Amino acid sequence: MVAGPRHSFTRKPNLADVKAAGHDMLRLVNRRILLSILSDRQPISRAEIAKISGLNKATISTITGELLKDSCIIEEGSGRTTPIGGKPPTPLRLNSKRFGLFGVDIRADETILALSDFNNRIVSRVSFETGSVATSFLSKVGKEIRKLQLKHDSFIEFPGIGVSLPGLVDNQSGRFLLSVVLPWRDVPVVNLLEKATNLPVIIDNSARCSALAEIWHGKAQYAHVRNLLYVGVSTGLACGVVIDGGLYRGGNNTAGQFGHIPIDLNGPECRCGQRGCWDLYASDKATLKRYAVLRGPGGKRVSTMRKLVELVEGGDAAATEAVRETARYLGIGITGLINGLDPEIVVIGGEITKVWGVIERIVVEETKRNLLAPRSHHVPIRPSAFEVRPSLKGALTLIQNSLLSVPHMG
Ligand SMILES: [Zn+2]
């Protein structure tokens, strides 16, 4: 098929790394599309898959035959009866035991290791204190992973370990570069963990992992979103950008550091060397600092955002005002990003979203005021969808993404 001029493709073929769509590539893409349809709609019949995918029934039958042989999918019971009679369709499901996925969410204070099945159900979860020496700490994580492998030996295969890290990450070289919250510097995380476990390791930073989790596992009302902005509010601010269903990593793999866009050139000096960065006004650190001034001599001292959020929940006026002010600054920064990126949705993550009722209206009002596009283009702003930490879900998604994502061709 030759696409006409009205076709919306804009991607220039990558001649430095050509992957033309040969038979093997097409087979891989179709296989992954089928697995993704199954993951989203199961239980589902071959006829329904054909309808959704646009592939003919013979091709569906060949691919599902291969997937059954590989134990990736299973046939469920004898199928339901159809109102018009005839042979009932046999529903297909993913085989949850086909893959056991490891996710490691490393934060400054605590690390969580989780194992999920192929249906994204977490079957085991361990947490421990994050060590300040990277080598010995990662060796400990490796040992825990091996223990879980032995304990859960009913999985057919462990395809890899996804790791979420709190700072700058070069996912190509597999190194954790630096962080303001963790004393690790230039750590070859992939190399160390692969040696310790003999499993493939994929790393990324926590905001980008969270963005990936939102695009793969977001709530039903935005299940079909292709362009998403994730704003992670913690000690600092970090963002993850999803463009047309894929994570944007940038030329040097460090994209997403929007926290260091100055919003006041006369503002205080930032650790990055500039003045008045967004991070200095909308991060948890900024909120805590603001509260310390607002609370006055009689107010309760707090050192963590979790405690500050508890005060807001208890109706503390100074804590509430500190959070409301942060919401205003979040709105100001997000407006600029909406104007520049035009996402279909903005998702905010972090402790501050626990008091969504206090901040939502302020963030939304602020963005409405300054958007360039007409009001009809209003972009929804939502708190993160997950009960578990978004970055843990994201670490697991790094591996799921490696099994189900479709490659760029050409
Ligand atoms: Zn800065």
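The values are calculated or read from the model by the stated rules, or taken from the named source; none is laboratory data. Everything numeric in this text was worked out from a predicted model, so none of it was measured. When we count neighbours, we look across all protein chains shown, and the Cβ atoms used for this are built from the backbone with ideal geometry, even at glycine. Ligands, DNA and RNA are stripped out before the accessible areas are found, and what is left, the full protein with its side chains, is counted by its heavy atoms. Shrake-Rupley method; radii C 1.70, N 1.55, O 1.52, S 1.80 Å.
Mean silhouette area of segment 168-216, derived from the convex hull of its C-alpha atoms and averaged over all directions, reads 3.9 nm². Counting only lysines at least 8 places from Lys368 when in the same chain, those with an alpha carbon closer than 27 Å to its own are Lys219, Lys285, Lys354.
Volume of the convex hull of segment 262-410 (Cα atoms only), normalised per residue: 175 Å³.
Remark on Val163: its backbone amide H falls under 5 Å from those of Val104, Ile202, Ile203, Asp204, a criterion applied only to residues 5 or more positions apart or on other chains, H modelled at 1.01 Å from N. Comparing Ala319, Ala50, Ala114 in a Gaussian network model of the chain where C-alpha atoms under 10 Å apart are linked, the largest mean-square fluctuation is found at Ala50. Measuring with a 1.4 angstrom probe and ignoring ligands and nucleic acids, Trp356 comes out at about 40 Å² accessible. For the chain, carbon and sulfur atoms together expose 52% of the accessible surface, with a 1.4 angstrom probe and every protein chain in place. At a probe radius of 1.4 angstrom, the accessible area of the chain per residue rounds to 51 square angstrom. Rounded to the nearest 10 square angstrom, Asp17 shows an accessible area of 80 square angstrom against a 1.4 Å probe. Toward the positive end of the charge dipole of the chain, with +1 on the Cβ of Lys and Arg and -1 on the Cβ of Asp and Glu, the farthest Cα among Ala114, Thr59, Val241 is that of Thr59.
Here is the list for segment 304-376: GluC sites (Glu not before Pro) lying in DSSP coil, each with at most 16 other C-beta atoms within 10 angstrom of its C-beta, are Glu344.
Relative to the longest principal axis of the Cα atoms of the chain, the long axis of helix 356-370 makes an angle of roughly 90 degrees. Judged by the ratio a/c of the largest to the smallest principal axis of the C-alpha gyration tensor, segment 350-410 counts as oblate, that ratio being 1.5 or greater while a/b is no larger than b/c. Phi-derived couplings, Karplus 6.51 cos²θ - 1.76 cosθ + 1.60 at θ = phi - 60°, listed residue by residue for segment 306-312: 4, 5, 5, 5, 4, 5, 4 Hz, with x used for Gly and Pro. Note on Arg121: accessible area approximately 140 square angstrom, rounded to 10, probe 1.4 Å, nucleic acids and ligands left out. For the chain, what ratio Rg/Rh do Cα atoms give with a Kirkwood hydrodynamic radius? With Rg and the Kirkwood Rh in hand, the quotient comes to 1.00.
Centre-to-centre separation between the Cα atoms of segment 232-290 and those of segment 116-180: 26 Å. For the chain, the relative contact order is 16 percent, taking Cα pairs closer than 8 Å that sit 6 or more residues apart in sequence and dividing their mean separation by the residue count.
Listed by chain and number, the aspartates and glutamates whose alpha-carbon sits under 18 Å from that of Lys300, ignoring those within fewer than 8 places in the same chain, are Asp284, Glu310, Glu313, Asp316, Glu321.
A Förster radius of 45 Å, combined with the Cβ-Cβ distance separating Ala58 from Glu344, puts the computed FRET efficiency at roughly 0.80.
For Lys354 and Lys12, the FRET efficiency from 1/(1 + (r/R0)^6), where r spans their Cβ atoms and R0 equals 35 Å, is about 0.20. When Ser53, Ser127, Ser116 are compared by accessible area of protein heavy atoms, the largest-first order is Ser127, Ser53, Ser116, using a 1.4 Å probe. Mind pulling the angle between the C-alpha long axis of helix 206-217 and the longest principal axis of the chain? Nearest 10 degrees, somewhere in 0 to 90. Between helix and principal axis, roughly 40 degrees.
Note on segment 147-284: percent of Cα-Cα distances in each 5 Å bin, starting at 0 and stopping at the bin with the largest distance, equals 2, 9, 16, 17, 18, 16, 11, 7, 2, 1, 1, 0, 0. Residues whose amide H comes within less than 5 Å of that of Gly232, counting only those at least five positions distant or on another chain, are Ala238, Cys239, Gly240, Gly349 (H built at 1.01 Å from N in the peptide plane).
Accessible area ranking (1.4 Å probe, heavy atoms, ligands and nucleic acids excluded), largest first, for Tyr281, Tyr291: Tyr281, Tyr291.
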